[in-house]
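Working notes, beginning with the structure itself.
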Amino acid sequence: MAVRIRLTRMGRKKKPFYRIVVANNEAKRDGKFLDIVGTYDPMQKPAAVTIDTEKLNHWIGLGAEPTVTVRSLIKKHGNAPHENA
């Protein structure tokens, strides 16, 4: 079971809001997930990113891999985990 840290879309039409979640690689984009790690709101100026670094580091320590988009959000937010991110 490959685990990924990725975005899941929420909000209404034309007003997106994303959760940063830990999910099985085979789960649907907005389907089941294991844990919520943070949020991303691109509609605010500047875009609002909140990340629970403790949870993020825990899941990365267990082998979860962030997607390219989530990796860039982590770098911009300044919460680069200690391991491969």
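Structure above, values below:
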quantity: Distance in nm between pseudo-label sites at K75 and D52 (7 Å out along the Cβ direction from Cα); calculated: 2.6 nm
quantity: Antiparallel bridges, percent of DSSP beta bridges restricted to the chain (to nearest 5); calculated: 90 percent
quantity: Relative contact order %, the chain, counting alpha carbon pairs below 8 Å whose residues are six or more apart; calculated: 27 percent
quantity: Kirkwood hydrodynamic radius of region 3-77, Cα pairs, Å; calculated: 12.5 Å
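Where a number appears in this text, it was derived from the coordinates with a stated rule and is not lab data. Predicted, not measured: the structure shown is a model, and the values here were computed from it. Every residue, glycine as well, gets a Cβ built from its backbone with ideal geometry; the counts of neighbours run over all protein chains shown.
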